[in-house]
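Everything below concerns the one structure shown next.
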Amino acid sequence: MSDASITVTLPDGSQKQTAAGTSIGTFVRDAIGPGLAKAAVLARANGTFVDLSRTLDVDTTLEIFTTKAPEALETIRHDAAHIVADAVQRLFPGTQVTIGPSIENGFYYDFDRGQPFSEEELAKIEVLANQIVAADLPFQRTEVTPDQAVQMFTAKGETFKVEIIQDIVGKGATVLTLYSHGDWVDFCEGPHGPSTAKVGVIKILSSSAAYWRGDHRNKSLQRIYGTAFFDQKGLDAWLKQREEAEKRDHRRLGKDLDLFHFHPFSPGAAFWTPKGTAIYTVLSSYMRKLALENGYVEIKTPLLYNKGLWETSGHWGKYKENMFLIEDSEAKAAGDPDPHNFSLKPMNCPSHHLYYGFRKQSYRDLPLRLHTQDVLHRNEAAGSLGGLTRVRQFAQDDAHIYCREDQIPDEVQRFVKLLDHVYNAVGLKYSAKFATRPPQRIGDDAMWDRAEASLKSALDGLGLAYELKPGDGAFYGPKIDFDVSDSLGRKWQLGTIQLDYAAPERFDLTYVAEDGKPHRPVVTPPRDLRLVRAVHRDPDRALRRRVPGMARADPGRDRHRDRSRQRPRPHRGLAPRRQWRPRDVRRQQRDDEGEDPRRLAPEDPVHDRDRREGGRERLRQHPHVRRGRSAEDGDHDVRCVRSAARARSALPLNRQGRQRAGRQRARRQRANRQGSFPGASVPRR
């Protein structure tokens, strides 16, 4: 520890002094308090996540994450993966380890073993892993050279670790980090918690086969899935939620309710049944109507593009492995060593930029709001496909707004209001996250200051509460993400709006400003407004979010055909309506009471009614009979059935007929009030 003093800035803006070389854990205990030090799991120093054992050597902006933070839960699940790998190698010597990252709701670790893990073996692994947790072994970080790391793992017979190290060294790494607890050591970037005891409790969930690095041409490995929580209470609550989720698995319900199916001949693409297609079309039409009403224009762009587009956008170098490439026969005939020069589009952004550039744009044309629902294709790994959650083909409800920089706050507010309308329509509660500039980014600080100020002013203008996520923005601009909770309380990141300053530069997009000079527009792509990704990225995933709500539906009974179980729709007309009864009851009542007076011919309604027993009294109660006084007829009631069409309108109608009848009644009532209807209040003669 040095005698030099450094300044540590905390999240609330306060500053504290400490000696250079002090560990973060020691600083938290001495300068802040032992309570926080006990609950702390990891820290973020100058924007980088680090262990509590790391030292403070320069002036630092420091943030501490306790057991209540999601980042801490993710960290202990990474710790749990190391602990499970240690347990496996203790129980089954000779097993090689590969990689073990934390994932959503847990972790996994891949092992090279000659045979799958049995249920009995998984139970033993879980018991030993929790014993290692109880041992409270500290995690220790060590820096080594690549040669030292290769030598150590070669001696252990860990060929997969050696391959990983060589790949990282090939990318320019000169110093590597190892993490150990007890005698077990692994190559890892970290960070990790203070000790194994922070993990709390580990639960082994399942095992499966997996290819090394996700490539079917590589060796098949054995993967163990698990999860970890800080205490047993948290684990029990999650297991109960998981049990409910299995009951509502959209893949099972989609098949039981006859909504969609999948086939191995087209992996990752849904076959929509007539019922599923009807729901899909309703979602699509709903979003199209909202978009057009809110100033968007719908366009359609090609599905197939030459690689020149993707080279301009930057996707060819960074996203090529996730694209479906198509061989160009002409390029192959010409001897091109890589004739796969075309690709199905995996996103809409580049094609929208091309569309914007087709004509010269003026400042009067902005904002230009482009909306599309084109089909997209992404070459997701076969092992990652799962129902409608991860697919290879989907139709994204996408939009791009081209605007001036001074229009950003208004456009963001317009988008958030639209998103609020959609989420509320389907009963989804959401929360906003404001992600600011990352360490690696384009543009200068002045540009980022303006962009972040624009988004912040829009959020403040709406009075919308949000969580600040420093450093989580895209490299080309800040963004606002929207998370929703489903019926089981699970969080999903759906809608997002981003500011893109890179695309106008890459595609040379301009507009003519008031000064007559070309200026760059700002692209704000509000993605994933769909009721899905349900207000989720596409109608496919919208149903993935909504189908679990149908878990109590009886797939063996078509309720739309079972009229006796339907409740009557509320009558929207102006006249009162008789009480609804099942059809068989109505028929029986007509047989018992005689002819329904509404079916009488209207030419001589009174004469016909008087010929029928009880007809006069029943007619007096009929909603389409007018009552009044007539000087010619004395004190008796005046009754008339207005017309044959109006008599027929009392018969059961479909929805369109009821709406038409309601409009006709409204017109007649207005005419009666104004005294302009030819047959208004005419007494019987």
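The values are calculated or read from the model by the stated rules, or taken from the named source; none is laboratory data. All values reported here derive from a predicted model rather than from experimental measurement. Neighbour counts run over all protein chains shown; Cβ positions are idealised from the backbone, glycine included. Just the protein is used for accessible areas: all its heavy atoms, side chains included, with ligands, DNA and RNA removed. Shrake-Rupley method; radii C 1.70, N 1.55, O 1.52, S 1.80 Å.
Looking at SER431 and the list (1) in contact with a strand residue (DSSP E or B) (Cβ under 9 Å, 6 or more places away or on another chain); (2) closer than 21 Å to ARG404 by Cα; (3) small (Gly, Ala, Ser), which single condition is not satisfied?
Here SER431 clears every test but (2).
Can you find a residue that is buried (at least 16 other Cβ atoms within 10 Å of the Cβ), of a type in the set (S, T, N, Q) and within 19 Å of HIS421 (Cα to Cα) anywhere in the stretch 490-499?
Checked the stretch 490-499: at least one residue is buried (at least 16 other Cβ atoms within 10 Å of the Cβ), of a type in the set (S, T, N, Q) and within 19 Å of HIS421 (Cα to Cα).
If you scan the stretch 458-475, which residues turn out to be on the phi < 0 side of the Ramachandran plot and surrounded by fewer than 15 Cβ atoms within 10 Å (Cβ to Cβ)?
ASP460, GLY461, ALA465, GLU467, LEU468, PHE475
Kindly evaluate PHE358 against the criterion of being open to solvent by 30 Å² or more (accessible area, probe 1.4 Å), within 24 Å of the chain's Cα centre (by Cα) and over 26 Å from LEU418 (Cα atoms). Steps first, answer last, please.
Values: open to solvent by 30 Å² or more (accessible area, probe 1.4 Å): yes; within 24 Å of the chain's Cα centre (by Cα): no; over 26 Å from LEU418 (Cα atoms): yes.
No; evaluated as a whole, the condition is false for this residue.
From (1) out of contact with any Gly (no Cβ under 6 Å at 6 or more places or on another chain); (2) modelled with pLDDT of 90 or more; (3) hydrophobic (A, V, I, L, M, F, W, C), pick out the condition that doesn't hold for LEU205.
Going through the list (1) out of contact with any Gly (no Cβ under 6 Å at 6 or more places or on another chain); (2) modelled with pLDDT of 90 or more; (3) hydrophobic (A, V, I, L, M, F, W, C), LEU205 breaks only (1).
Which condition number in (1) more than 20 Å from SER284 (Cα to Cα); (2) touching a helix residue (DSSP H, G or I) at 6+ places or on another chain (Cβ under 6 Å); (3) surrounded by fewer than 21 Cβ atoms within 10 Å (Cβ to Cβ) is the one that TRP448 fails?
Status for TRP448: all satisfied but (2).
So, in the stretch 40-71, exactly how many residues are assigned to a loop (DSSP other than H, G, I, E, B) and open to solvent by less than 60 Å² (accessible area, probe 1.4 Å)?
Residues that pass the stated criteria total 5.
Assess whether ALA197 counts as being over 18 Å from ARG90 (Cα atoms) and either part of a loop (DSSP other than H, G, I, E, B) or of a type outside the set (A, V, I, L, M) (or both).
So ALA197 fails the test.
Condition first: of a type in the set (A, V, I, L, M) and open to solvent by 60 Å² or more (accessible area, probe 1.4 Å). Now tell me which residues in the stretch 8-39 satisfy that. Full working, then the answer.
Taking the stretch 8-39 and keeping what is of a type in the set (A, V, I, L, M), we get 8, 10, 19-20, 24, 28, 31-32, 36-37, 39.
Answer for the stretch 8-39, where residues must be of a type in the set (A, V, I, L, M) and open to solvent by 60 Å² or more (accessible area, probe 1.4 Å): just ILE32.
Starting from residues that are outside any loop (DSSP other than H, G, I, E, B) and open to solvent by 10 Å² or more (accessible area, probe 1.4 Å), keep the ones in the stretch 332-352 and report whichever is farthest from ASN306 (Cα to Cα). Break it down stepwise before answering.
Within the stretch 332-352, the subset outside any loop (DSSP other than H, G, I, E, B) is 332-333, 342-344, 349-352.
Filter once more, so that each one left must be open to solvent by 10 Å² or more (accessible area, probe 1.4 Å): 332-333, 342, 344, 349.
Working: LYS332: 14, ALA333: 17, PHE342: 4, LEU344: 9, CYS349: 15 Å.
Selected residue: ALA333.
Only one of these conditions is not met by LEU509: (1) under 24 Å from LEU368 (Cβ atoms); (2) in a helix (DSSP H, G or I). Which number is it?
(2)
Across the stretch 288-312, what is the number of residues that are in a helix (DSSP H, G or I) and under 25 Å from LEU344 (Cα atoms)?
Within the stretch 288-312, the subset in a helix (DSSP H, G or I) is 288-293, 307-312.
Imposing the further condition that a residue be under 25 Å from LEU344 (Cα atoms) reduces the set to 288, 307-312.
The number of residues fulfilling the criteria is 7.
So, of the residues in the stretch 220-269 that are in a helix (DSSP H, G or I), among the hydrophobic types (A, V, I, L, M, F, W, C) and open to solvent by less than 40 Å² (accessible area, probe 1.4 Å), which turns out to be nearest to GLN393 (Cα to Cα)? If you could, list the steps in order and put the result at the bottom.
Going through the stretch 220-269, the residues in a helix (DSSP H, G or I) turn out to be 232-247, 250-256.
Adding the requirement that they be among the hydrophobic types (A, V, I, L, M, F, W, C) leaves 235, 237-239, 245, 253.
Retained after the next criterion (residues that are open to solvent by less than 40 Å² (accessible area, probe 1.4 Å)): 235, 238, 245, 253.
Numbers: LEU235: 35, TRP238: 31, ALA245: 24, LEU253: 20 Å.
The qualifying residue nearest to GLN393 (Cα to Cα) is LEU253.
Any residue that is among the β-branched types (Val, Ile, Thr), outside any loop (DSSP other than H, G, I, E, B) and under 36 Å from the mean Cα position of the chain (by Cα) - is there at least one of those in the stretch 21-39? Break it down into steps so the answer makes sense when it comes.
From the stretch 21-39, those among the β-branched types (Val, Ile, Thr) are 22, 24, 26, 28, 32; that's our starting set.
Right, trim to outside any loop (DSSP other than H, G, I, E, B) and you get 22, 24, 26, 28, 32.
From what is left, the residues that are under 36 Å from the mean Cα position of the chain (by Cα) are none.
So far as the stretch 21-39 goes, no, none of its residues is among the β-branched types (Val, Ile, Thr), outside any loop (DSSP other than H, G, I, E, B) and under 36 Å from the mean Cα position of the chain (by Cα).
Conditions first: (1) in a helix (DSSP H, G or I); (2) closer than 30 Å to GLY214 by Cβ. TYR355 passes all but one, so which condition is the exception?
The single condition TYR355 does not satisfy is (2).
Out of the residues in the stretch 370-412 that are touching a Gly at 6+ places or on another chain (Cβ under 6 Å) and at pLDDT 85 or above, which is nearest to ASP460 (Cα to Cα)?
VAL391
So the check is Cβ under 6 Å with 6+ separation or different chains; which pairs have a first residue in the stretch 421-437 that's farther than 24 Å from ASP500 by Cα and a second one that's polar (S, T, N, Q)?
LYS429/SER485
Specify which of the listed residues (ASP481, ASP420) is closer than 30 Å to GLU243 by Cβ, open to solvent by 20 Å² or more (accessible area, probe 1.4 Å) and not in a loop (DSSP other than H, G, I, E, B). First the steps, then the outcome.
Details: ASP420 fails: closer than 30 Å to GLU243 by Cβ.
From the options ASP481, ASP420, the qualifying one is ASP481.
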